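The values are calculated or read from the model by the stated rules, or taken from the named source; none is laboratory data. Every value quoted in this text rests on a predicted model; they were computed, and no experiment measured them. Using ideal geometry, Cβ is built from the backbone for each residue, glycine included, and neighbour counts are taken over all protein chains shown.
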Amino acid sequence: MLRILAALTFFTRLPFWKLHSIPGEYFKTVVNYWTLVGWLTAGVTAGSLWLSAQVLPYSIAALIAILARLLLTGAFHEDGLADFLDGFGGGTTREKTLAIMKDSHIGSYGVIGLIFYFGLYYLLLSSVLPPLVYMVIFAADPWSKFCAAQVINRLPYARKEEESKSKVIYNRMTPATFALSLVAGALPVILFLPLQLWWACLLPLVTFWLLSSLMKKRLQGYTGDCCGATFLLCELSFYLGIVVLLYITPLIP
């Protein structure tokens, strides 16, 4: 239970740390339980969208839902995406890329990348109408976190522990925690999504593989920023798949 509490504390800004003192070693396994955190972030996003849509136009409600998740997570993953884009956009060597990613200042690649990310995320989210959109949110977040979490299983950490921003190197998943992560990621898809939309689950897997291959080639490993960036881009690809499927294939009741 403390490992799940550590993950909730690490990946959100809610004061879960007040519930119990968490030893530092438990934060090395937070990615193993990242998918479970997705249930909370998806619930807040979907709940905010539903509540806002009762009194506001849907386009504005979608924007509020995005803002609610940003407030919940402290823009943790978005910060990672900006650093990832700056590093891989401006760096040409392993050392230069890592140095740029560690710099807290945002560069042009990060700014432009976030503009396009939020624009595409908003347009894709607002393209899926209620009540289906709530089910898509519940499926997209945990499944994309499961896909992104596999970075720690495929690659080693690219820095020394004392050089990492969070001062933590994540432990790889055991068979048991991998199974838990898989079930937590796949269950919302199975429960909430119509069968013909399950094909969208393939795009985050492809996105993970392409991004982790890029990390392997450039960094010979991953960083925390890589994990956050991978999650957001996997989720974006999931929504893109959903919108494409809805566009080319009428939804069968």
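Working only within the stretch 1-18, note down all residues that are among the charged types (D, E, K, R) and within 16 Å of Leu180 (Cβ to Cβ). Residue satisfying the conditions is Arg3 alone. Scan the stretch 5-15 and tell me whether some residue there is polar (S, T, N, Q) and surrounded by 20 or more Cβ atoms within 10 Å (Cβ to Cβ). Yes: one or more hits.
The number of residues in the stretch 172-195 that are out of contact with any Ser or Thr (no Cβ under 6 Å at 6 or more places or on another chain) and closer than 24 Å to Gly43 by Cα comes to 16.
Going by the conditions given, is Leu120 modelled with pLDDT under 95, surrounded by fewer than 15 Cβ atoms within 10 Å (Cβ to Cβ) and hydrophobic (A, V, I, L, M, F, W, C)? No, not satisfied.
The residue pairs whose first member lies in the stretch 111-128 and is farther than 13 Å from Ile242 by Cβ, whose second member is of a type in the set (Gly, Ala, Ser) and in a helix (DSSP H, G or I), and whose beta carbons are closer than 8 Å, counting only pairs six or more residues apart or on different chains, are Val111/Ala82; Gly113/Ala82; Gly113/Gly89; Leu114/Ala82; Tyr122/Ala62. Considering the stretch 43-57, and only residues there that are of a type in the set (S, T, N, Q) and either touching a Gly at 6+ places or on another chain (Cβ under 8 Å) or free of Cβ contacts under 8 Å to residues at least 24 places away in the same chain (or both), the residue that is surrounded by the most Cβ atoms within 10 Å (Cβ to Cβ) turns out to be Ser48.
Suppose we filter Asp103, Asp86, Asp79 for residues that are out of contact with any strand residue (DSSP E or B) (no Cβ under 7 Å at 6 or more places or on another chain), within 25 Å of Thr223 (Cβ to Cβ) and crowded, with 22+ Cβ neighbours inside 10 Å; which single one remains? Only one candidate qualifies: Asp86.
Tally the residues that are outside any helix (DSSP H, G or I) and hydrophobic (A, V, I, L, M, F, W, C), restricting the search to the stretch 1-52.
Counting residues in the stretch 1-52 that are outside any helix (DSSP H, G or I) and hydrophobic (A, V, I, L, M, F, W, C) gives 4.
Right, Ala82: among the small types (Gly, Ala, Ser), in contact with a Gly (Cβ under 7 Å, 6 or more places away or on another chain) and closer than 26 Å to Val31 by Cβ or not? Spelling it out, Ala82 is indeed among the small types (Gly, Ala, Ser), in contact with a Gly (Cβ under 7 Å, 6 or more places away or on another chain) and closer than 26 Å to Val31 by Cβ. Going residue by residue through the stretch 26-43, is there one that turns out to be out of contact with any strand residue (DSSP E or B) (no Cβ under 9 Å at 6 or more places or on another chain), hydroxyl-bearing (Ser, Thr, Tyr) and within 22 Å of Leu123 (Cα to Cα)? Yes, the conditions are met somewhere in the stretch 26-43. Scanning the stretch 58-110 for residues that are without any contact (Cβ under 8 Å) to a residue 60 or more places away in the chain, in contact with a Ser or Thr (Cβ under 9 Å, 6 or more places away or on another chain) and not in a helix (DSSP H, G or I) gives no hits. State whether one or more residues within the stretch 167-183 are within 21 Å of Val244 (Cβ to Cβ) and either assigned to a loop (DSSP other than H, G, I, E, B) or of a type in the set (Val, Ile, Thr) (or both). So far as the stretch 167-183 goes, no, none of its residues is within 21 Å of Val244 (Cβ to Cβ) and either assigned to a loop (DSSP other than H, G, I, E, B) or of a type in the set (Val, Ile, Thr) (or both).
All of Ala184, Ala200 fail the test of being within 17 Å of the chain's Cα centre (by Cα), in contact (Cβ under 8 Å) with a residue 40 or more places away in the chain and more than 21 Å from Cys227 (Cβ to Cβ), apart from Ala200.
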